[in-house]
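For reference, the structure discussed in these notes is given below.
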Amino acid sequence: KEYLKAQALLGEGIALYEKQRENRGVRPDPLVGKLYSDYADIDYFISNDLERSLENYQKAVTELNDTPSIRYRIGYIHYRNQDWESAMESFSLGYARAPSDVNLAYSFGNTLFRKGNLYLAQGHYERLMEKLEAEKIRKGIVFPQTRVDHGSFVQQYMRAANNLGVTLNRLAVRTGDSRKNA
């Protein structure tokens, strides 16, 4: 948890690599991509410098360290900046490789909603709710007050159900189909 020291060491490693890249052709390397993503994680999680973390996550992807979690973070930053197209692209790439990740699925649905693709958002939220319903059945009785994993599950379930309801309401208003409000 020595974040400043870690950031300094990662920065030194990145500087050495970039200097070598200037001097001669160096191929992309996933280990170097890990340096960039670890450096970006400190900006993302600790100092909340989203712009700088975005730059380093994108360098990590260029260096072949392209994971669903990195795509989620890139998408989140674009979403926060209301760049729906870039957010959609990033969430889509992450979701394609990790379709069971509920955070990516939820974010993908939210981005569809923000872009105004209500029917696509509806379908996406319904698919997400099916996954969450199956998880609820597997868990049986949930105890969010005593189990942390149940608490986060209940929170995910409520957010997804709420967003599906809002989407259906907007579709009902748009189309005049009051059944969507039921």
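Any read-out appearing in this document is the output of simple, stated calculations on the displayed coordinates, not a laboratory observation. Just so you know, these numbers come straight off a predicted model, no measurement behind them. Glycine gets a Cβ as well: all are built from the backbone with ideal geometry, and neighbour counts include every protein chain shown.
Laid out as a table, the results:
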{"read-out": "Cα principal axis extents for region 130-182, largest first, Å", "value": "43, 17, 14"}
{"read-out": "Span per principal axis, largest first, for the Cα atoms of region 94-182 (Å)", "value": "42, 32, 17"}
{"read-out": "Potential extension, Arg114-Asp29 segment - 0.36 nm per residue separation minus Cα distance", "value": "27.0 nm"}
{"read-out": "J(HN,Hα) series, region 153-162, from Karplus relation 6.51 cos²θ - 1.76 cosθ + 1.60, nearest Hz, glycine and proline x", "value": "5, 4, 5, 4, 4, 5, 5, 5, 5, 4"}
{"read-out": "Overall dimensions of the chain as given by Cα atoms, namely Rg and Dmax in Å", "value": "19.9, 66"}
{"read-out": "Equivalent-ellipsoid semi-axes of region 59-127, from the Cα gyration tensor, Å, largest first", "value": "20, 14, 8"}
{"read-out": "The chain: calculated mean residue ellipticity at 222 nm from DSSP helix runs of at least 4, using -39500 (n - 2.57)", "value": "-25500 deg cm²/dmol"}
{"read-out": "Average projected area [Cα convex hull, region 90-133], square nanometres", "value": "2.7 nm²"}
{"read-out": "Rg/Rh for region 33-92, where both radii come from Cα atoms and Rh is the Kirkwood radius", "value": "0.94"}
{"read-out": "Efficiency of FRET from Cβ geometry, Val142 and Leu64, R₀ 45 Å, rounded to 0.05", "value": "0.65"}
{"read-out": "Cα→Cβ-extended label distance, 7 Å offset, between Ala15 and Ala96, nm", "value": "3.8 nm"}
{"read-out": "0 to 90° range, to nearest 10: angle between helix 30-41 axis and the chain longest Cα axis", "value": "70 degrees"}
